[in-house]
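> Submitted below is the structure of interest, expressed as structure tokens.
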Amino acid sequence: MAERSSRHRTIAVDVGEEARSKRPQVTIAWFVLAPLGALAVVAAGWLLMAGPAALGWLTSPSSQLPDALALASRVLLLANWSPAHIGGQRVSIAPLGLTLAVMLLGVPVSGLAARHAARAGLGDAAASQDDLRRLVLRVGGTYAATYALAITLIALVIPGSSVLQALLGGCLIGLVPGLWGAARSVGYDPGLARPGWVRVIPRALWVAVLTCVGTGAVLLTIALILSRDRVASIADGLGGDAAAGVLLVVLQLAWLPNLVIWSMAWALGAGITLGEGTLLNMNGTSVGFLPSIPVLGAVPEPGPLPGLVWLWLLGGIMAGAVVGLIITLARPARRFGESALAGGLSGVASGVLLVVVAWLSSGGLGLRRLAYLGVRLQDLMITAPGILGLSGLVTGLMVGVFRREWSSWRRPGDGEEAGEQSAASGQSRGEDDEETRRR
């Protein structure tokens, strides 16, 4: 009986596995998955703000639920660079924390849709780069169009919003993760047909940008640690219960990348404006009217700053050296003047990219004193390309000179070796001729 029972259990398992293998697998077409994924990303971004807003509504008897949900929609529009009215003020500073979160969520969604499209359209056959390019454009374009349409519809519902800016911002934020995620998932490389050193350029530029942004993050962290008492006193002065504190923390985290970029610009020698009468740069700090935001307690006290603050320029110098080193080492060995030019141009390009990032991080919190908060772009247009370009130029020149000296140092040895081989071959030919004459 024990054997029959054991045999019965084995047969039951085998039948179950066979039934599961014959069960039809449900797959979703890519042209359904890409739009649904885009809508899910929009909903996720909205929920990231709606959760804290709803918590504030639950704990505040004077607030209304529609107002709390509308606040989440307005912040989502701001994340797509569409100005919105919050608290009776026109706000145009994009919360880059929410922007980055939405873009990172879109990369795997677009990648999943692209894999479904490749499985359905290409099968197991080897696909050419042209086929993959068309697939990436279809999937990424569908994702971006759906995302931009959803953001535009939200702007149409929220009064006072800019529909055109919502459309343009939605297209940009939808297109970047849409194309990037689709290309990564199917192995499409748009620069595959280009020379190797050309393919290195985008990665080198981003390494330089991340180096400068990392310098800004370190600077902001140090400033917050040194000013923690003032930050805490501003937070205590605002009052409110625990729910209000949570909402305040979430809103500050949403704009935290903006502060990092502003700190990066300060570390490159550019000025930062925090409204009318407030200017921060390495020469000193002048403080006017500041909003009661706890994180702004990290602003230094008015007056000149010690000379050691100029050491923060080393972050930009290092970024220019890194980008120049990567590109000049990837290029074929040529004259040192060309290496210096390549390093300098790569540093200038990185500086221009930093100016674009700083422009995207700045905006306003009203129409009067706080009409503009962020980086003084006219300063950064000079300092960022100048510092990174000069550092890249010097690095490229050093690499070129080192290559020249190295080749000249090796050339005499190569010539002696070639001469020895020629003499040996000549001696061998002479011995053969002598033996032929004797015969």
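> Is it the case that the range 334-347 has a residue that's assigned to a helix (DSSP H, G or I) and either within 20 Å of the chain's Cα centre (by Cα) or without any contact (Cβ under 8 Å) to a residue 40 or more places away in the chain (or both)?
For the range 334-347, residues assigned to a helix (DSSP H, G or I) and either within 20 Å of the chain's Cα centre (by Cα) or without any contact (Cβ under 8 Å) to a residue 40 or more places away in the chain (or both): present.
> Okay, next question. Is there any pair with a first residue in the range 206-229 that is within 19 Å of Val348 (Cβ to Cβ) and a second that is outside any helix (DSSP H, G or I) whose Cβ atoms are under 7 Å apart and which are 6 or more apart or on different chains, and what are they?
Every condition considered, the pairs that remain are Cys212/Leu268.
> While we're on this one: Any chance you could count how many residues in the range 104-125 are under 30 Å from Leu373 (Cβ atoms) and either crowded, with 21+ Cβ neighbours inside 10 Å or of a type in the set (Lys, Arg) (or both)?
Residues in the range 104-125 being under 30 Å from Leu373 (Cβ atoms) and either crowded, with 21+ Cβ neighbours inside 10 Å or of a type in the set (Lys, Arg) (or both): 1 in total.
> Still on this structure, please answer the following. Which condition does Leu48 not pass, out of (1) open to solvent by 60 Å² or more (accessible area, probe 1.4 Å); (2) over 16 Å from Leu248 (Cα atoms); (3) modelled with pLDDT of 90 or more, if it passes all the others?
(2)
> Hey, could you check the range 348-369 for residues that are of a type outside the set (A, V, I, L, M) and assigned to a helix (DSSP H, G or I) and say which is farthest from Ile272 (Cα to Cα)? Steps first, answer last, please.
The initial filter retains those residues of the range 348-369 that are of a type outside the set (A, V, I, L, M), namely 350-351, 359, 361-364, 366, 368-369.
Those left that are additionally assigned to a helix (DSSP H, G or I): 350-351, 359, 361.
Working: Ser350: 20, Gly351: 17, Trp359: 12, Ser361: 12 Å.
Per the criteria, the residue is Ser350.
> How many residues, within the range 196-208, are surrounded by 20 or more Cβ atoms within 10 Å (Cβ to Cβ) and within 12 Å of the chain's Cα centre (by Cα)?
Adding up the residues that qualify gives 2.
> Scanning for something over 20 Å from Gly97 (Cα atoms), in contact with a Lys or Arg (Cβ under 8 Å, 6 or more places away or on another chain) and part of a helix (DSSP H, G or I), does the range 198-220 turn up at least one residue?
Scanning the range 198-220 turns up no residue that is over 20 Å from Gly97 (Cα atoms), in contact with a Lys or Arg (Cβ under 8 Å, 6 or more places away or on another chain) and part of a helix (DSSP H, G or I).
> I would also like to ask the following. Does Ile293 fit the bill of being in contact (Cβ under 8 Å) with a residue 40 or more places away in the chain, touching a Gly at 6+ places or on another chain (Cβ under 7 Å) and open to solvent by 10 Å² or more (accessible area, probe 1.4 Å)?
Details: in contact (Cβ under 8 Å) with a residue 40 or more places away in the chain: yes; touching a Gly at 6+ places or on another chain (Cβ under 7 Å): no; open to solvent by 10 Å² or more (accessible area, probe 1.4 Å): yes.
No: the conditions fail for Ile293.
> If you check Arg90, Arg134, which single one turns out to be among the basic types (Lys, Arg) and either touching a residue at least 40 places away in the same chain (Cβ under 8 Å) or open to solvent by less than 50 Å² (accessible area, probe 1.4 Å) (or both)?
Criteria check complete, one pass: Arg90.
> Answer yes or no as to whether Gly320 is open to solvent by less than 50 Å² (accessible area, probe 1.4 Å), in a helix (DSSP H, G or I) and under 23 Å from Val260 (Cβ atoms).
Numbers: open to solvent by less than 50 Å² (accessible area, probe 1.4 Å): yes; in a helix (DSSP H, G or I): yes; under 23 Å from Val260 (Cβ atoms): yes.
Yes: the conditions hold for Gly320.
The values are calculated or read from the model by the stated rules, or taken from the named source; none is laboratory data. Just so we're clear, the structure is a prediction, and the values are computed from it rather than from any experiment. In this analysis, Cβ positions are derived from the backbone assuming ideal geometry, glycine residues included, and neighbour counts consider all displayed protein chains. Quick note on the areas: whole protein, heavy atoms, side chains included, nothing else; ligands and nucleic acids left out. Shrake-Rupley method; radii C 1.70, N 1.55, O 1.52, S 1.80 Å.
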